[in-house]
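The values are calculated or read from the model by the stated rules, or taken from the named source; none is laboratory data. As the structure is a prediction and not an experimental result, all values here were calculated from the model. Glycine also receives a Cβ, built like all others from the backbone with ideal geometry; neighbour counts cover every protein chain displayed. When the accessible area is computed, the model is the full protein with side chains, heavy atoms only, and any ligands, DNA or RNA have been set aside. Shrake-Rupley method; radii C 1.70, N 1.55, O 1.52, S 1.80 Å.
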Amino acid sequence: GFVLGGILVVVVAGGCKSNELDPEKTASLFTEVIVDTANGLSGLAADDRGRIWTVAEREAKAYRITLDAALVPTLETFAVTGVPGDTDLEGIEELGGDRVAFGTEGRVDGVATVLLGAISGNSIAIGKAITLTADQIGIEMKKNHGAEGVCGHGDTLLVAIEGAGEDAGRRWAPVLRIEKGHVVIGP
């Protein structure tokens, strides 16, 4: 788990021996907080005020969740406009001010982008799409794989790519750095 704004958040991931969780045992590990969102949430980030951000993959909606001291959530919903067709929102990062970045994957082969948007009221308008090419990533993108995670602040982003390359029998995971809207290749 990790501490977010003084709250211990425990992430339970797949890959365990069983898909069944013991309700009594898990109840002692975390506090359930229910928020009313669209299905298919992906990505998780915290902004500099401790608010939690997530995104609905195929609903073009982002959510900002504020928890009070009693863990009562306040949910803000943002319609995301300008998302290209056949594109799923996967990762989200609040960049400061009114700027947000989204990692995406395509529902067709060869498509991965980072979308940059601006918050205005209860919407986020995409203003720029940064296309991630196979030459930059180092592997060919298959459908439903892409920029799975994105983190950073200001003009610097790190983008984790869903997929792996192989060289001389060793597997590696692509991570790209974007500076001022441009992919920086190399260390």
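Of all the numbered requirements in (1) open to solvent by less than 40 Å² (accessible area, probe 1.4 Å); (2) free of Cβ contacts under 8 Å to residues at least 60 places away in the same chain; (3) closer than 23 Å to R177 by Cβ, R99 misses one, and that requirement is (1). Assessment of segment 169-187 against the conditions (open to solvent by less than 80 Å² (accessible area, probe 1.4 Å), in contact (Cβ under 8 Å) with a residue 60 or more places away in the chain and either among the aliphatic types (A, V, I, L, M) or touching a strand residue (DSSP E or B) at 6+ places or on another chain (Cβ under 8 Å) (or both)) yields at least one matching residue. Count of segment 1-48 residues, restricted to those that are at pLDDT below 85, open to solvent by less than 50 Å² (accessible area, probe 1.4 Å) and out of contact with any Phe, Trp or Tyr (no Cβ under 7 Å at 6 or more places or on another chain), is 3. The set of residues in segment 103-158 that are under 13 Å from P84 (Cα atoms) and either outside any strand (DSSP E or B) or free of Cβ contacts under 8 Å to residues at least 24 places away in the same chain (or both) comprises R107, V108, V111, A112, T131. Say whether the condition of being under 21 Å from R58 (Cα atoms) and of a type outside the set (D, E, K, R) is met by at least one residue in segment 132-141. Yes, the conditions are met somewhere in segment 132-141.
Note on segment 84-94: residues that are surrounded by fewer than 20 Cβ atoms within 10 Å (Cβ to Cβ) and either in contact (Cβ under 8 Å) with a residue 24 or more places away in the chain or touching a strand residue (DSSP E or B) at 6+ places or on another chain (Cβ under 7 Å) (or both) amount to 2. Scanning segment 49-71 for residues that are closer than 18 Å to E148 by Cβ, open to solvent by less than 40 Å² (accessible area, probe 1.4 Å) and assigned to a loop (DSSP other than H, G, I, E, B) turns up just one, A60. Identify the residue in segment 129-147 that is of a type outside the set (A, V, I, L, M, F, W, C) and closer than 17 Å to D88 by Cβ and, among all such residues, is surrounded by the fewest Cβ atoms within 10 Å (Cβ to Cβ). Residue satisfying both the conditions and the ranking: T131.
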